[in-house]
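To start, the structure itself, in C-alpha cells.
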Amino acid sequence: MPTHDLYADEPGPSPWQVPASGAARFSWEYDDGRDRLLALYQKGKDKQWDGMQRIDWDLEVDPYDALGTPEEAMSLYGTRYWDKLTDKDKGELRRHYASWQFSQFLHGEQGAMICAARIVESVPDLDAKFYSATQTMDEARHAEIYGRFLHEKIGLLYPINDNLQSLLGDTLRDSRWDMPYLGMQVLIEGLALAAFGMIRDTTNKPLPKQILTYVMQDEARHVAFGRLALRDYYKQLTDAELREREEFVIEGCYLMRDRLRGVEVLENFGIPKAEAEALSERSEFLQLFRRLLFSRIVPCVKDIGLWGKRLQQAYVDMGVFEMGDSSLDLLMAQDEELAEQLDAERFAAEEHERIAEVRDAIEAGAAES
Ligand SMILES: [Fe+2]
Ligand SMILES: [Fe+2]
C-alpha cells in the first residue's frame, strides 16, 4: 500500500528538496589511509547483513501493543484525559505512539543515509569516503527495515517531526564538510541510539527487540567513525571555529530535548497543542527519557574536543553534565555483544528444534518397524 495512505497526518510535499552547497572532493591518493579508519571500513564490509533474512518477520505484532509499554509510561497517564479513555482508546493511543516513534526512526535513517552519502562526496580523504560508503548502505538497510515494520506490523505512519526536519535541513545546507558529521553522526544519531537502546532494553516484544538490537550493532560503528574523523579534524581548528560548532551543538540539543516528544500524537486525540505540551512536560517518564537521551551525545561531544565553557554550562543546565564521563567504548562494545548474544540464542533454539524433529522422526520410525 502506498505510504501516503497510511500517514496519520498529511506529510509535507514529496520530494522534500534541500539545496546542496559545498564542493565534491576527489582524492588521488589511494595508499595513505589511517589504520583505524581502514579497520572500521573492513568491519563495515564484514558485518553487513540482510534484514530480509536475519529478522524473523513471521513474528506477530499486536499493533495496539507493539512494544508492551506499561500504562505509567504513557504521557496521558494520571491526567483527566486518561480516565476517560476506554481500553480500545488506550490501544489506539499506544498504536499512534509506537507509530510516531518508529516513524521518526525511519525518517532519521533516511536522513542518515543521505548525510552519509554527502560525506562520501565532500570529505577530503579517501579512507573516510570508503568508510562512509559502507555506512550509506547500512542506513539504507535500516530505513528498509523500519519502513517494513511500520507498513506490515503497525499499519500507520507519522510524518517527520518539524524540528527534526529543520535540524536535518540545517545539517545538510551547511557547506562545511564536517557539519553533516556533527549534525548527523553526533547529534541525531546520538539521540536515536539512546532512544533505540531504551526501547531495546525495556520492550518484551520479540520483533522490535530483534530489529533494535541488530540495528544498534551497526550504529556502534557509525558513532566510532564520527569520533575518529572529528577528533582528528577539530584538533586543527581555531578557538573561534570550535565555538561555532559548539553553538550548533547547544542549539540542536535544546531543540531536540524540548521539541521532540510526540505532541502531534496527543493533538490527534483532540488535546489542544498548548495543553498537550504541558502534559508531556509533566510526565515523569518523559523527564527520565529526556535525560537518558543524552547518554550517548555528551560523552561523544567531550571526546571530540567540543568542551568549551558555554557547552559545559548548557549540559549543567540540562542536568546531563556528568554523563560526559561515561565510557562510549563500553556502551558500544555492549551493543555489539547483545546482537551476537541474540544470534546465539536464536541459533541455539533452532538447533534444539531441529534435534527434536530428528529424534521424533527416529522414534516414529522405530515404532513402525
Ligand atoms: Fe542507522
Ligand atoms: Fe547510523
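The values are calculated or read from the model by the stated rules, or taken from the named source; none is laboratory data. Quick caveat, the model's predicted, so the values are computed rather than measured. Heads up, the Cβs are rebuilt from the backbone with ideal geometry, glycines too, and the neighbour counts pull from every protein chain shown.
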Of the conditions (1) modelled with pLDDT of 95 or more; (2) more than 15 Å from ligand 1 (Cβ to nearest atom), ASP174 fails just one. Which one is it? (1)
Of (1) within 16 Å of ligand 1 (Cβ to nearest atom); (2) surrounded by 19 or more Cβ atoms within 10 Å (Cβ to Cβ), TRP100 satisfies every one except (1)
Candidates ALA117, ALA133, ALA98, ALA128 - the one that is over 19 Å from LEU182 (Cα atoms), part of a helix (DSSP H, G or I), over 11 Å from the mean Cα position of the chain (by Cα) and more than 11 Å from ligand 2 (Cβ to nearest atom): ALA98
State all residues of the stretch 21-47 that are under 27 Å from ASP170 (Cα atoms) and exposed (fewer than 13 other Cβ atoms within 10 Å of the Cβ); if no residue qualifies, say none. SER21, ALA23, ALA24, PHE26
What are the residue pairs meeting all of these: first residue in the stretch 82-104, first residue closer than 18 Å to SER280 by Cβ, second residue charged (D, E, K, R) and assigned to a helix (DSSP H, G or I), Cβ atoms under 6 Å, and 6 or more apart or on different chains? ARG94/ASP65
Answer yes or no: is there a residue in the stretch 213-229 that is over 26 Å from VAL120 (Cα atoms) and within 16 Å of ligand 2 (Cβ to nearest atom). yes
Just wondering, is there one or more residues in the stretch 276-288 that are surrounded by fewer than 20 Cβ atoms within 10 Å (Cβ to Cβ), closer than 21 Å to PHE105 by Cβ and among the basic types (Lys, Arg)? no
Looking only at the stretch 199-224, count how many residues are closer than 16 Å to LEU328 by Cα and either surrounded by fewer than 20 Cβ atoms within 10 Å (Cβ to Cβ) or away from ligand 1 (no atom under 12 Å from the Cβ) (or both). 1
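Yes or no, residue by residue, for (1) polar (S, T, N, Q); (2) without any contact (Cβ under 8 Å) to a residue 12 or more places away in the chain:
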position	(1), (2)
ALA194	no, no
ILE199	no, no
PRO208	no, no
THR213	yes, no
GLU219	no, no
PHE225	no, no
LEU228	no, no
THR238	yes, yes
Cross-chain or 6+ apart pairs with Cβ under 7 Å, the stretch 342-369 first and surrounded by 10 or more Cβ atoms within 10 Å (Cβ to Cβ), then β-branched (Val, Ile, Thr): LEU342/THR213
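For the stretch 71-81, state whether one or more residues are under 25 Å from LEU342 (Cα atoms), in contact (Cβ under 8 Å) with a residue 60 or more places away in the chain and within 21 Å of the chain's Cα centre (by Cα).
Kept after step one, since they are under 25 Å from LEU342 (Cα atoms), are these residues of the stretch 71-81: none.
No - not one qualifying residue is present in the stretch 71-81.
Do we have any residue at all in the stretch 236-252 that's over 22 Å from TRP307 (Cα atoms), more than 19 Å from the chain's Cα centre (by Cα) and of a type in the set (Phe, Trp, Tyr)?
No, every residue in the stretch 236-252 fails to be over 22 Å from TRP307 (Cα atoms), more than 19 Å from the chain's Cα centre (by Cα) and of a type in the set (Phe, Trp, Tyr).
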Lone qualifier among GLU264, GLU246 - being among the acidic types (Asp, Glu), crowded, with 17+ Cβ neighbours inside 10 Å, closer than 21 Å to PHE285 by Cα and touching a residue at least 60 places away in the same chain (Cβ under 8 Å): GLU264
Among the residues of the stretch 292-329, which ones are under 17 Å from ARG200 (Cα atoms) and either part of a helix (DSSP H, G or I) or free of Cβ contacts under 8 Å to residues at least 12 places away in the same chain (or both)? LEU292
Within the stretch 139-177, take every residue that is more than 16 Å from ligand 2 (Cβ to nearest atom) and closer than 16 Å to ALA20 by Cβ and give me the one that is surrounded by the most Cβ atoms within 10 Å (Cβ to Cβ). TRP177
Identify, from the list LEU76, LEU93, LEU59, the residue that is away from ligand 1 (no atom under 16 Å from the Cβ), assigned to a loop (DSSP other than H, G, I, E, B) and buried (at least 18 other Cβ atoms within 10 Å of the Cβ). LEU76
What number of residues within the stretch 162-217 satisfy the criterion of being basic (Lys, Arg), over 26 Å from TYR254 (Cβ atoms) and not in a helix (DSSP H, G or I)? 1
